[in-house]
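Read the structure below first, then the notes.
The values are calculated or read from the model by the stated rules, or taken from the named source; none is laboratory data. Since the model is a prediction, treat every value here as computed from it, not as a measurement. Surface areas here come from the heavy atoms of the whole protein model, side chains and all, with no ligands, DNA or RNA. Shrake-Rupley method; radii C 1.70, N 1.55, O 1.52, S 1.80 Å.
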Amino acid sequence: QVQLVESGGGLVQPGGSLRLSCAASGSIFSINTMGWYRQAPGKQRELVAEITSGGNTNYADSVKGRFTISRDNAKNTVYLQMNSLKPEDTAVYYCKAYVVPPDYSTVFQYWGQGTQVAVSS
């Protein structure tokens, strides 16, 4: 069993910052690409940022320059540093990871439970 646990969400004023963390645990040989998605009420889930095992990154245009994704492979953890937050960033943020099991036979996609981020005065 593989589990992704997010933390760091909360309420922040416009212009403020938050740092989200997502730690993977369980039966893991290695983790390939990890990413963050978000979903606001009435909208579909969208990609925020992703990072490969080699450190290559990709960001949504709406967050580029404000958010930074990083990872610690030794800890199986991915982070999302969120600066200059705007009300439109309000959403539930979900962690995603592609996990290679110990038998190295294939790759499985896992999701975290989500963490709420609210940006409001």
Leaving out ligands, DNA and RNA, what percent of the accessible area of region 1-93 is carbon and sulfur, probe 1.4 Å?
45
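Counting each pair of different Cα atoms once, what's the Kirkwood radius of region 1-47 in Å, rounded to one decimal? Walk me through the numbers before you get to the answer.
On the way: mean 1/r = 0.0754 Å⁻¹.
Radius from the Kirkwood sum: 13.3 Å.
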In bins 10 Å wide, starting from 0, what share of all Cα pairs of region 9-121 does each bin hold, as a percent?
14, 47, 29, 9, 1
Between region 1-36 and region 46-71, the Cα center-to-center distance that results, in Å
13
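Which value, in Å², gives the accessible area per residue of region 28-121 when a 1.4 Å probe is used on the protein heavy atoms?
Working: 4950 Å² over 94 residues.
Here the per-residue accessible area is 53 Å².
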Keeping every protein chain in place, order R71, R45, R38 by accessible area at 1.4 Å, biggest value first, i.e. largest first.
R45, R71, R38
Accessible area of L20 in the full protein assembly, 1.4 Å probe (Å², nearest 10)
0
Three principal axis extents, largest first, for the C-alpha atoms of region 81-121, in Å?
50, 18, 12
Apply the Karplus curve 6.51 cos²θ - 1.76 cosθ + 1.60, θ = phi - 60°, to the phi angles in region 24-32 and return the couplings in whole Hz, x for Gly and Pro.
9, 9, x, 7, 10, 8, 7, 10, 8
